[in-house]
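For reference, the structure discussed in these notes is given below.
The values are calculated or read from the model by the stated rules, or taken from the named source; none is laboratory data. Everything numeric in this text was worked out from a predicted model, so none of it was measured. Backbone-built Cβ (ideal geometry, glycine too); neighbour counts: all protein chains shown. Ligands, DNA and RNA are stripped out before the accessible areas are found, and what is left, the full protein with its side chains, is counted by its heavy atoms. Shrake-Rupley method; radii C 1.70, N 1.55, O 1.52, S 1.80 Å.
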Amino acid sequence: MKTIPFASFEGMHTPLRQEMLDAFARMYDKGWFIQGQECQAFEEEFAAYCGTRYAVGVASGLDALTLALKALGVGEGDEVIIPGNTFIATALAVTYAGARVALADPDPVTGNMWGKGLEEALTDRTKAIIPVHLYGQAAQMDEVMAFAQKHDLLVVEDCAQAHGATFRGQKVGTFGQAGCFSFYPGKNLGALGDAGAVITNDPALAEKVRQLGNYGSDRKYHHLYPGMNSRLDEIQAGFLRIKLRHLDDYNAERDRLARRYLAGIQNPKITLPQVGPDRNHIWHIFSIRCDTRDQLHDYLEERGILTVSHYPIAIADQPAYAAQNLPRLPVSSRIAATELSLPMYVGMTEEEVDTVIRALNQY
């Protein structure tokens with residue numbers, strides 16, 4: 001029996017193999033591996049792709065969020081509202097900045113942040129909001145930004161799953177003070193290791209993020225802040241430059257596959273994802289919901305179809321946050337108990353898609 005993986009890099013990496021090897025050889029021979037021309041070029045190209053003035057390469061998506069919050073002055077005594085159903089990195093960034101996590105329940109249809117959840121999470125200590133563009137679809141950014149402006153709050157967007165996603169034609173990451181990206185290998189734009197970036201239109205913010213990620217330094221051996229070591233290395237920047245040129249094609253292929261799933265899966269036991277109005281979806285994850293999620297996972301695995309749950313433990317139920325007694329939110333808990341992500345990758349064959357659809361319809 002042939003196995004259909006949850007994800008595969010072959011469809012992206014095989015056509016780029018020689019170009020990637022040539023890039024590595026060029027960087028290897030140059031002998032400059034940190035804070036060089038490749039990183040600078042990628043920052044300029046990624047900022048242009050997103051539609052911002054600046055991008056600052058960092059070591060990971062978690063670091064991007066942490067550095068952006070710190071650079072904006074978020075810290076002890078502050079609360080930051082995040083979705084209750086996000087990956088733990090969103091919460092950890094708030095903790096690493098010295099602030100306290102506050103949870104907002106998402107829109108039950110899209111699973112993304114919306115105005116209602118924010119209203120319920122607001123306190124007099126709220127300093128910032130982190131909308132997460134979950135699975136590759138933009139959050140309800142008109143409501144998020146209106147709420148932030150009404151209450152004078154900072155907005156740091158978590159774009160780790162949404163490279164190229166838009167809301168009303170505007171790229172995610174460009175609505176708030178900063179947008180934060182992960183280039184973990186499995187992302188639509190993935191490095192060959194850990195990497196991340198912060199985008200912004202604020203030159204002072206960009207410079208402070210860069211300094212905080214370089215030991216708090218503005219020049220060699222002169223340290224303005226107690227910073228950290230979080231820099232995008234030359235090799236990963238060089239690889240990302242190559243893959244960035246293909247990102248829109250990758251996203252278009254994922255959209256084509258998603259449309260096949262949406263048209264073909266017809267089972268009342270399965271709730272398909274819905275795309276909200278005025279936005280696109282770059283389908284980093286094709287997320288379905290099923291009341292018998294664990295049984296469905298096992299059923300598909302028995303047939304050689306590999307799936308993943310994003311994320312089976314809500315933030316409020318994570319042992320790492322037990323001491324904070326965070327509220328258990330109904331929609332977040334429901335998504336955690338029922339979400340299942342189907343195989344989705346560039347290079348997925350028609351036969352593989354048909355096999356997944358057929359198995360789901362027979363469940």
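In terms of accessible area, using a 1.4 Å probe and ignoring ligands and nucleic acids, Asp298, Asp29, Asp105 rank largest first as Asp29, Asp298, Asp105. Dipole magnitude for segment 1-52: about 280 debye, using +1 per Lys or Arg Cβ and -1 per Asp or Glu Cβ, origin at the Cα centre.
In terms of Cα atoms, the Rg and Dmax of the chain work out to 20.4, 65 Å.
Asp255 sits among other residues whose Cβ lies under 14 Å from its own Cβ, and their net charge, with Lys and Arg +1 and Asp and Glu -1, is +2. Here segment 115-186 and segment 1-79 have alpha carbon centers that stand 20 Å from each other.
When the chain is treated as a GNM with alpha-carbon contacts under 10 Å, the residue of Leu16, Leu62, Leu329 showing the greatest mean-square fluctuation is Leu16. Rounded to the nearest 10 square angstrom, Phe87 shows an accessible area of 110 square angstrom against a 1.4 Å probe. Among Trp114, Trp283, the sequence by solvent-accessible area, most first, with a 1.4 Å probe is Trp114, Trp283.
Put a dot 7 Å past the Cα of Lys269, heading toward its Cβ, do the same for Leu224, and the two dots end up 5.8 nm apart. Calculated [222 nm] ellipticity per residue, helices only, for the chain: -12500 deg cm²/dmol; basis is -39500 (n - 2.57) per DSSP H run with n ≥ 4, divided by all residues, nearest 500.
Between the alpha-carbon centres of segment 192-228 and segment 345-363 there is a gap of 44 Å.
Cross-link pairs exceeding 22 Å between alpha carbons, from the set Lys171/Lys243; Lys116/Lys269; Lys187/Lys269: Lys116/Lys269; Lys187/Lys269.
Of the residues Tyr28, Tyr250, Tyr184, the one that moves most in a GNM of the chain with alpha-carbon contacts below 10 Å is Tyr28. For the chain, the carbon plus sulfur part of the accessible surface works out to 51%, probe radius 1.4 Å. Using the 1.4 Å probe convention, the accessible area of segment 151-255 works out to 39 Å² per residue with neighbouring protein chains retained.
Dipole check for segment 77-220: with +1 at the C-beta of Lys and Arg, -1 at the C-beta of Asp and Glu, and the Cα centre as origin, the magnitude is about 500 Debye. Under 17 Å between alpha carbons, and skipping anything fewer than 8 positions from Lys150 in its own chain: which aspartates and glutamates qualify? Reachable aspartates and glutamates: Glu79, Glu119, Glu120, Asp124, Asp142. Solvent-accessible surface (1.4 Å probe) assigned to Val109 amounts to roughly 80 Å².
Rolling a 1.4 Å probe over the protein chains gives Arg334 an accessible area of about 130 Å².
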